[in-house]
Amino acid sequence: MFKTLLKQKKIIGKTANLEFRLESRGSSLASRIEKFNFNGRIVKLEKKLIISGDQVSDASVGYDESGFPQVNINLDSDGGAKMHRSTRNNVGERMAVIFVERKSETKLINNVPEVRNYFDKRIISLATIQSALASQFRITGLDSPAEASELALLLRAGALAAPMDFVEEGTIGPSLGADNISLGLKSLLLGLALVLIFMIFYYKVFGLIANLAVALNIVLIAAVMSVLSATLTLPGIAGIVLTIGMAVDANVLIFSRIREELKNKLKPSDAISAGYDRAFITIVDANLTTLIVAVILYAVGTGPIQGFAITLSVGILTSMFTAILFTRMLVFFIYGRKNNIEKLWI
């Protein structure tokens, strides 16, 4: 990611252009000639331009017959006419493509930093004109596909716009996100603690069993998220908090049903069985509808919404397991072997 940001900054700060010039003939005046270093030798070019990059309407990356990178250039009507006229009259001569880049450097003048802008020009292509060119042609002789891609991007996406200087630059570190995650975890722990205290206070032994199920539920969510290589984010924490509430809600339905059966004068063992059996449909129905919503959120959402949907979906599945199977196993482990249960602590 850091390398991507550096590349984007490099492209934003550039102001690039192209110049198409003919190679100088021996009869040209010295005042009309500009010298360049190309492939280790001096090349003399005419200062007069054929066209410049502002007449490029489109630029794309391609590859020639030998597989080397190239940039395919499309000119506007005026640029196409000038290119055709100039190349038609100079078949057999060589034409150079010059890449002009606006750069800046900082120098200390009287201990005061001063930014100086200058233009760096270099030849990227020097080829013989085989025939008259029109509004479509290609630039070859590039060093790599990356260079071709950057050149096409600069020419196509506003490289000829007004220059941009970086007056001030700041970096936001990860501390803000870490603080948010820390606060999210604190809210998760606080909410969990309040739920655990309430369940023990209101449902006694059954509340303790529900608390064990909630703890197992969080462990299972963390295990599944680790297998999926998911990252814990604020929406993910919100999904876990919601899952804790849903897991406790399922236990509340079961325990409330058991209390109702006890009021109907059923035996404690029969009340336990009836409470789990009759609350099962309601729990499945509530969790299934929530799971459908979570799947839709993941399908149509992006980024944080998908993270919330994944955590919620995993939490729903694990909470159904812990609330229905795990708590029932513990309840029957405690009370199932007792034939004459006189009172349930619920």
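The values are calculated or read from the model by the stated rules, or taken from the named source; none is laboratory data. Keep in mind the model is a prediction, meaning the values are calculated, not measured. As a convention, Cβ positions derive from the backbone with ideal geometry for all residues, glycine included, and neighbour counts pool all protein chains shown.
Select from the range 20-33 the residues that are surrounded by fewer than 16 Cβ atoms within 10 Å (Cβ to Cβ) and at pLDDT 85 or above and list them in ascending order.
Taking the range 20-33 and keeping what is surrounded by fewer than 16 Cβ atoms within 10 Å (Cβ to Cβ), we get 25-27, 29-33.
Those that are surrounded by fewer than 16 Cβ atoms within 10 Å (Cβ to Cβ) and at pLDDT 85 or above: R32, I33.
What are the residues in the range 320-336 that are of a type in the set (V, I, T) and crowded, with 18+ Cβ neighbours inside 10 Å, if any?
T322, I324, T327, V331
For the structure I just gave you, tell me whether V314 is at pLDDT 85 or above, under 45 Å from the mean Cα position of the chain (by Cα), exposed (fewer than 15 other Cβ atoms within 10 Å of the Cβ) and closer than 30 Å to A230 by Cα. Break it down stepwise before answering.
Numbers: at pLDDT 85 or above: yes; under 45 Å from the mean Cα position of the chain (by Cα): yes; exposed (fewer than 15 other Cβ atoms within 10 Å of the Cβ): no; closer than 30 Å to A230 by Cα: yes.
In short, no.
Check whether at least one residue in the range 159-176 is surrounded by 12 or more Cβ atoms within 10 Å (Cβ to Cβ) and either assigned to a helix (DSSP H, G or I) or at pLDDT 85 or above (or both), and report yes or no.
no
Of the residues N90, N17, N117, N72, which single one is touching a residue at least 24 places away in the same chain (Cβ under 8 Å), closer than 20 Å to E147 by Cβ and surrounded by fewer than 19 Cβ atoms within 10 Å (Cβ to Cβ)?
Criteria check complete, one pass: N72.
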